[in-house]
1. Using a 1.4 Å probe and ignoring any ligands, DNA or RNA, find the accessible area of residue 61 and quote it in Å² to the nearest 10.
2. Once phi is turned into ³J(HN,Hα) by the Karplus curve 6.51 cos²θ - 1.76 cosθ + 1.60 with θ = phi - 60°, what whole-Hz value does each residue of the stretch 167-177 show in order, with x for glycine and proline?
3. If I ignore ligands, DNA and RNA and count only protein heavy atoms, how much of residue 339 is accessible to a 1.4 Å probe, in Å² to the nearest 10?
4. What part of the accessible area of the stretch 290-393, given as a whole %, is carbon or sulfur when the probe is 1.4 angstrom?
5. Could you rank 434, 82, 346, 55 by how accessible they are, 1.4 Å probe, largest area first?
6. When the distances between all Cα atoms of the stretch 195-298 are binned every 5 Å from zero, what whole-number percent does each bin get?
7. Limiting things to C-alpha atoms, what are the Rg and the maximum Cα-Cα separation (Dmax) for the stretch 127-224, in angstroms?
8. Students often get this wrong, so check it: of 126/220; 154/186; 219/287; 114/320; 219/259, which have C-alpha atoms separated by over 25 Å?
Amino acid sequence: MKKIALAALGGTLAGTILTTQIAGPLIAQEAEKTVSVYEQLDLFGDIFERIRAQYVEEVDTEQLVEAAINGMLTSLDPHSSYLSAKDFDEMQEQTRGEFGGLGIEVTQEDGFVKVVAPMDGTPADKAGIKAGDFITHVNSESVLGLTLDDAVDKMRGPVGSEIIITVVREGVAEPFDVSIIRDTIKMVAVRPRLVGNTVVLRISTFNDQTFVGVEEGIKKMAEEAGGMDKVNGFVIDLRNNPGGLLNQAIMVSDAFLEKGEITSTRGRDPEQGERFNAEPGDLAQGKPIVVLINGGSASASEIVSGALQDHRRAIVVGTKSFGKGSVQTLIPLKGDGAMRLTTARYYTPSGRSIQALGVMPDIVVNQPIVEPLTEEEQEARDAEEARNDRSEADLRGAITNDSMSEDERNQLEADRARTEDAAKLRDEDYQLAYAVDILRGLAAVAPQP
């Protein structure tokens with residue numbers, strides 16, 4: 001018994017010595033880190049006071065502190081920033097769906113403002129601004145060296161006023177100026193339409209109105225088609241959708257899924273990760289879905305497209321998405337301002353992080369750049385189409401088809417009209433026409449009830 005007790009005591013003493021040997025240096029290191037942090041804060045205070053006392057012009061103390069805070073946050077990543085009380089109010093207005101400005105979602109890259117996407121029907125969209133454009137100057141003043149918020153402030157102004165931005169675009173040799181008239185931006189989150197028997201849901205942003213817009217759009221278009229049984233499928237158009245509210249992306253994804261994970265978020269602390277799962281109920285009633293994306297589809301758009309792709313619920317068509325796979329949390333601060341801080345990455349149901357990678361479409365379809373034809377080229381094209389339109393019925397003395405019933409003739413005319421509409425759509429929007437064709441093809445080979 002004595003030997004056991006002694007052995008136990010020896011073990012305890014050894015453990016005490018070992019703990020002291022390890023913990024001692026660790027405590028010292030933590031103490032050094034604390035001292036270092038306080039020294040750096042003292043350095044900040046010293047610089048702050050010297051600027052106030054010795055800078056060539058008198059400075060606004062509040063602006064100086066805000067600039068220091070914003071500099072600290074923007075050094076972390078392009079999406080973390082400080083929001084003054086005014087900026088915080090404007091952000092809340094945007095999520096409600098109405099605000100003033102140009103109508104573009106932007107980020108910062110290489111010191112310049114990069115367009116994530118122009119919003120549908122806004123002044124920037126009408127002026128021809130495209131996803132991927134770089135804005136280098138605002139009213140002839142360079143934005144290089146400005147924070148993203150400062151650059152955005154330069155683009156704000158009274159409704160009806162003109163702004164001239166200088167744009168650098170891939171494939172265009174020289175920078176060019178674009179004149180835009182500022183306006184009140186009223187975001188319509190969802191625009192539904194019926195193309196033949198296909199319901200097209202154009203989702204331009206994820207704000208408070210998005211899920212309701214999807215729900216109402218499906219109901220309205222199904223009624224217009226003559227019932228859900230007449231609908232051959234859905235196109236969810238997320239092109240140039242810069243994202244928005246995470247909860248709306250989850251609700252829209254859930255609208256088309258019966259079960260399974262929609263997305264998960266993982267922060268620095270593994271215990272604070274979250275998973276969001278679908279609940280039973282598919283608003284599309286199992287009809288096939290095509291999702292359209294491009295380089296302007298970001299954030300919440302990538303959550304929806306990634307979730308439907310991973311669950312094999314939709315065919316994703318278009319070009320690679322933007323690749324914003326991080327979650328920002330708005331943290332209210334003293335003085336009615338807020339901090340926008342990146343707190344997590346989000347993942348698709350299969351565990352993919354799309355941060356800086358984007359969602360790859362199942363079928364890559366580029367939107368062709370259509371150059372206007374010269375008069376001679378148009379005449380040649382019309383002549384070629386006329387030759388291709390010739391058929392047996394155009395031949396002299398061709399035998400008529402007297403066995404065709406009235407219903408068959410009506411069906412033939414309906415088919416011809418649909419073909420002409422499809423050709424017109426292909427000229428207007430090739431990617432959308434491609435998506436609609438996929439659904440028509442699926443309907444053509446689907447088992448008949």
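The values are calculated or read from the model by the stated rules, or taken from the named source; none is laboratory data. If you're wondering where the values come from, they're calculated on a predicted model, not measured in any experiment. Each accessible area value is taken on the protein alone, full model and side chains, heavy atoms only, with ligands, DNA and RNA left out. Shrake-Rupley method; radii C 1.70, N 1.55, O 1.52, S 1.80 Å.
1. Roll a 1.4 Å probe over it and residue 61 shows about 60 Å².
2. Couplings: 10, 10, 10, 4, x, 10, 5, 10, x, 9, 8 Hz.
3. Surface open to solvent at residue 339 totals about 40 Å².
4. Carbon and sulfur: 52 percent of the exposed surface of the stretch 290-393.
5. From most exposed to least exposed: 55, 434, 82, 346.
6. 2, 12, 19, 23, 20, 12, 6, 3, 1, 1, 0
7. Answer for the stretch 127-224, Rg first and Dmax second: 18.3, 54 Å.
8. 126/220
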